[in-house]
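The values are calculated or read from the model by the stated rules, or taken from the named source; none is laboratory data. Everything numeric here is computed off the predicted structure, so don't read it as measured data. Here the Cβ positions follow ideal geometry from the backbone for every residue, glycine too, while neighbour counts run over all protein chains shown.
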Amino acid sequence: MSRRPPWEAWLDPEAYPFAVRRFETGAGVMRYVDEGEGPAVLLVHDTPGWSFAWREVIADLAVDHRVVAPDMLGFGLSDNLPEGEEGFGGHTRRLAGLVARLDLSDITLVVHGFGGPVALPLALMETTPVSRVIVANSWCWPLGHQPGHALARRFINSSVGRWSYLEAGLAERILMPLSIGGKRLHRHVTRHYHEPLRTPARRQGQYALARARVNDEAYFARLWSARDKLDALPLDIIWGLRDPVLGRASLNRWREAHAGAIVHELPRCGHHVPEEAPEAIVRVLRGLGT
């Protein structure tokens with residue numbers, strides 16, 4: 001008798017009507033969506049999100065694209081993050097492994113939030129499977145220069161910060177609602193963000209990335225030093241202007257670094273563009289602007 005997956009108790013098949021597939025990474029099972037046929041689109045989520053955040057984008061694009069949306073280990077329907085793992089490198093290697101397993105090429109890579117530091121290395125590879133990049137409220141540079149960074153680093157590395165993330169659910173219960181721009185999430189939607197993070201063990205993935213964000217300056221320095229390779233690819237920047245996490249200064253940094261990028265500003269949108277304005281992502285990908 002096969003065991004029922006734990007998400008069957010709370011996952012709404014009407015909101016998320018996709019087949020859940022599995023990829024054995026060696027560190028745990030990564031689950032992902034692979035819908036439709038046509039040009040490949042790879043959607044890489046933020047924290048505390050998962051592929052559920054892309055649900056409307058997937059449904060729209062799968063009509064004429066092959067849309068792949070993985071859940072990183074420690075997020076969504078995937079297994080827990082391996083004990084003791086921190087940083088972005090493991091997530092990047094597993095994502096590259098999935099791309100290879102699925103034989104994806106000529107990919108339109110769409111990244112949101114923490115998905116940028118995880119997935120943008122795929123676009124910077126010597127022989128890259130990526131042919132176009134769309135960035136939605138994300139970054140790939142060291143944050144040490146930002147106001148408040150030192151305070152955030154002390155908090156996240158402290159025992160209080162650890163308790164706030166692992167026990168109190170700070171990211172999904174406090175930070176995510178505060179970073180939504182112009183709408184209030186329905187309770188039914190909110191449940192799909194809370195349920196995968198219902199225990200401290202399930203929250204370890206997001207806490208590890210929060211620590212990497214403030215601690216691993218060397219990782220971001222290497223990534224930022226290779227940014228010129230993005231100039232060889234079509235680059236679109238979609239930006240929710242009401243983002244309190246990555247504000248207008250971050251958008252301006254993208255503009256300064258990549259003058260050829262096409263920028264699409266969303267004045268009423270906050271940080272969580274896939275949830276708040278999925279239609280904008282679809283329109284940009286289809287070349288229709290916003």
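Within segment 78-89, if we keep just the residues that are crowded, with 19+ Cβ neighbours inside 10 Å and touching a residue at least 60 places away in the same chain (Cβ under 8 Å), the residue that is farthest from Val44 (Cα to Cα) turns out to be Leu81. Residue check: is Arg21 within 23 Å of Arg202 (Cβ to Cβ) and out of contact with any Leu (no Cβ under 9 Å at 6 or more places or on another chain)? Yes.
Is there a residue in segment 48-65 that is of a type in the set (A, V, I, L, M, F, W, C), at pLDDT below 95 and at negative phi? No: segment 48-65 contains no residue that is of a type in the set (A, V, I, L, M, F, W, C), at pLDDT below 95 and at negative phi.
Screening Leu175 with (1) assigned to a helix (DSSP H, G or I); (2) within 17 Å of the chain's Cα centre (by Cα); (3) among the hydrophobic types (A, V, I, L, M, F, W, C); (4) modelled with pLDDT of 95 or more gives one miss only, at (4). Return the residues of segment 169-200 that are surrounded by 13 or more Cβ atoms within 10 Å (Cβ to Cβ) and more than 22 Å from Asp243 (Cβ to Cβ); say none if nothing qualifies. Scanning segment 169-200 gives Arg191, Glu195, Pro196, Arg198, Pro200. In the set (1) within 14 Å of the chain's Cα centre (by Cα); (2) buried (at least 24 other Cβ atoms within 10 Å of the Cβ), Arg55 fails one condition alone, (2).
Any residue that is among the polar types (S, T, N, Q) and under 18 Å from the mean Cα position of the chain (by Cα) - is there at least one of those in segment 240-260? Checked against the condition, which is being among the polar types (S, T, N, Q) and under 18 Å from the mean Cα position of the chain (by Cα), segment 240-260 yields at least one hit.
Return a yes/no flag: does segment 10-18 have any residue that is of a type in the set (Asp, Glu), crowded, with 18+ Cβ neighbours inside 10 Å, out of contact with any Cys (no Cβ under 7 Å at 6 or more places or on another chain) and assigned to a loop (DSSP other than H, G, I, E, B). Lay out the reasoning, then the answer.
The first filter runs over segment 10-18 and keeps only residues of a type in the set (Asp, Glu), leaving 12, 14.
Within this subset, residues satisfying the condition of being crowded, with 18+ Cβ neighbours inside 10 Å are none.
Checking segment 10-18: not a single residue is of a type in the set (Asp, Glu), crowded, with 18+ Cβ neighbours inside 10 Å, out of contact with any Cys (no Cβ under 7 Å at 6 or more places or on another chain) and assigned to a loop (DSSP other than H, G, I, E, B).
In this structure, Ser105 does not satisfy being under 22 Å from Ala280 (Cα atoms) and surrounded by fewer than 21 Cβ atoms within 10 Å (Cβ to Cβ).
Ile281 meets the conditions (1) surrounded by 19 or more Cβ atoms within 10 Å (Cβ to Cβ); (2) within 13 Å of Ser138 (Cα to Cα); (3) among the β-branched types (Val, Ile, Thr) in every case but one. The failed one is (2).
Do you know which residues across segment 19-48 are buried (at least 17 other Cβ atoms within 10 Å of the Cβ), without any contact (Cβ under 8 Å) to a residue 40 or more places away in the chain and aliphatic (A, V, I, L, M)? The one that is buried (at least 17 other Cβ atoms within 10 Å of the Cβ), without any contact (Cβ under 8 Å) to a residue 40 or more places away in the chain and aliphatic (A, V, I, L, M): Val33. Looking at segment 24-136, the helices (runs of 4 or more DSSP H) lying wholly inside it that each contain 1 or more residues that are under 21 Å from Arg202 (Cα atoms) and among the aliphatic types (A, V, I, L, M) sit at 89-101, 115-123. Is it true that some residue in segment 159-166 is among the aromatic types (Phe, Trp, Tyr), assigned to a helix (DSSP H, G or I), in contact (Cβ under 8 Å) with a residue 24 or more places away in the chain and within 19 Å of Asn215 (Cα to Cα)? Yes: one or more hits. Cβ separations smaller than 7 Å between residues 6+ apart or across chains give the following pairs from segment 278-290 residues that are modelled with pLDDT under 95 to residues that are surrounded by fewer than 17 Cβ atoms within 10 Å (Cβ to Cβ) and assigned to a helix (DSSP H, G or I): Gly289/Arg283; Thr290/Arg283. Considering segment 220-264, and only residues there that are surrounded by 14 or more Cβ atoms within 10 Å (Cβ to Cβ) and acidic (Asp, Glu), the residue that is modelled with the lowest pLDDT turns out to be Asp243. Across segment 178-194, the number of residues qualifying as touching a residue at least 60 places away in the same chain (Cβ under 8 Å), out of contact with any helix residue (DSSP H, G or I) (no Cβ under 7 Å at 6 or more places or on another chain) and in a helix (DSSP H, G or I) comes to 4.
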